[in-house]
1. Between residue 100 and residue 27, what is the label-point separation in nm under the 7 Å Cα-to-beta-carbon projection?
2. Sticking with the crude label model, points 7 Å out along Cα→Cβ, report the distance from residue 115 to residue 83 in nm, one decimal please.
3. Give me 64, 135, 51, 82 sorted ascending by neighbouring Cβ count inside 10 Å, so fewest comes first.
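All of the numbers you see were taken from the coordinates with simple rules; none came from a lab. Fair warning: this is a prediction, and the values are worked out from it, not measured in the lab. Here the Cβ positions follow ideal geometry from the backbone for every residue, glycine too, while neighbour counts run over all protein chains shown.
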Amino acid sequence: MEQRLGQERPGDGPGLWVLLCYRVPREPSAPRIAIWRKLKRLGVAQLGDGLAGLPADARTREQLEWVAEDVTEARGSAGVWLARPATLAQERELAVAMAAARTAEYAAVTAQAATAREADAVTRAAALRRLRSELRRITRRDYFPPAGREQAHAAVEALAGPHDPRRDAVPARRDAVAGGGAGEHS
């Protein structure tokens with residue numbers, strides 16, 4: 001698995017991770033749900049109740065600092081920490097779990113692209129725009145790219161490729177086919 005870790009690794013040991021330790025009041029629930037959604041969009045590893053982590057680099061640190069501010073604005077408490085897993089096995093376990101979550105997302109995109117491939121040109125074009133956007137969102141939270149990533153990108157880009165023109169043809173008007181169309185003279 002390719003890693004996008006921005007910090008140096010001590011020898012062959014685990015890399016640096018940025019952690020968000022947070023607690024949000026149960027009521028009102030809207031801020032708690034908004035924070036959960038932001039963390040989900042970031043693709044964090046949920047290490048425990050109120051503890052989330054990402055491989056450390058300047059971008060992930062800043063993202064979790066912003067979430068920490070959101071937590072404190074919601075009258076909760078939050079802290080951002082830098083840490084290393086105690087063993088490579090622990091780090092691998094986190095990476096595998098994060099990659100598995102992205103694998104499921106890429107598989108869903110691949111399936112949607114396959115379905116759209118059978119649609120008319122207008123529907124394919126709309127699906128192509130939507131799925132490209134979805135791939136950008138997934139890629140931003142893909143810290144340990146799984147094998148399904150390339151397959152999903154290929155499936156989406158195939159929507160832009162050549163298609164059977166007979167399938168994309170506009171059906172003829174009934175009156176034109178029956179001999180009543182313009183340009184036909186007896």
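1. It works out to 3.7 nm between the two label points.
2. With each label point 7 Å from Cα toward Cβ, the separation is 4.0 nm.
3. 82, 51, 135, 64
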